[in-house]
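Data block below; observations after.
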Amino acid sequence: MGELRLYAIGIEEMRGLIGAGPLTDELREAARRAFAPPARPKPHGLLGRLGPLFRKPPDAPVICATDPEPRDAEALLAGAYIAPDRMGASWRVLEALVAYRAWGATRLPLDPQSLEELDFALARGGVSAAVGIGHLLASNTDVRLIPVQGLTVGWHRHDKALAMAAAYRAASPAIKTDEQRELVSNLVGWLDGFIPWSQVAVTLGRPVPDLIGFWAH
């Protein structure tokens, strides 16, 4: 099952997370907390005593290529070169930092087929393709990371996020399935948060939030 994760954060703030400057220490700590391994119980008996004989402890977690390591966060925050084999892990670090700085976030269970069907249902209800989810994911964030297979990242400007909320609300009565109506209703409720979030952002000297999407598929 695919998943679309949406975040409310200014696009320039997102781009600025790479080579983060004054925020580096704060973001380093946020990344450390996001990917801190869970505490593992220490083995008892003979297995526990044999640990030092092995190159890797027998209870050590299996690490895959996209599991972030401290070096991935350091490279991202420094704006340094990132090797191709660490790109997947670096995208995970970036998303964790986006989530940390975002005003709000939500998740939609969408694989390629269900996303296409939802966009079609919205279009049938009168929603312009310009504010469709497909168009959101087709809009390049221009973040300085190479795209990786299975992850699509896109964005809409703040005004488009507001337009999405209005258009989806108007189209909701025409959507035929209960599942799609519930998904759209939840999304509209979340998008309505962009108005108060933008008011708070201005008072804090931060950019108004744009809509950023990370689609794992």
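The values are calculated or read from the model by the stated rules, or taken from the named source; none is laboratory data. Note that this is a predicted model, so its numbers are computed, not measured. Cβ: placed from backbone, ideal geometry, glycine included. Neighbour counts: every protein chain shown. For the accessible areas, the whole protein counts, side chains as well, though only heavy atoms, and no ligand, DNA or RNA atoms are used. Shrake-Rupley method; radii C 1.70, N 1.55, O 1.52, S 1.80 Å.
Miscellaneous remarks
- Gained length - Glu182 relative to Leu204, 0.36 nm times residue gap less alpha-carbon distance: 4.5 nm
- With every protein chain in place, the chain: carbon and sulfur % of accessible area (1.4 Å): 59 percent
- Per residue value of the accessible surface for the chain (all protein chains in place, 1.4 Å probe), Å²: 55 Å²
- With contributions of -39500 (n - 2.57) from each DSSP H run of at least four residues, the per-residue ellipticity at 222 nm computed over the chain stands at -14500 deg cm²/dmol.
- The value given for the range 83-199 is a Kirkwood hydrodynamic radius of 15.5 Å, derived from the mean inverse Cα-Cα separation.
- Here the simple spin-label model places points 7 Å from the Cα toward Cβ, and for Ala34 and Asp192 these points are separated by 2.9 nm.
- For the chain: span of alpha carbons on each principal axis (Å, largest first): 66, 40, 29
- Here r is the Cβ-Cβ distance between Arg157 and Ala83 and R0 is 30 Å; the resulting FRET efficiency, rounded to 0.05, is 0.40.
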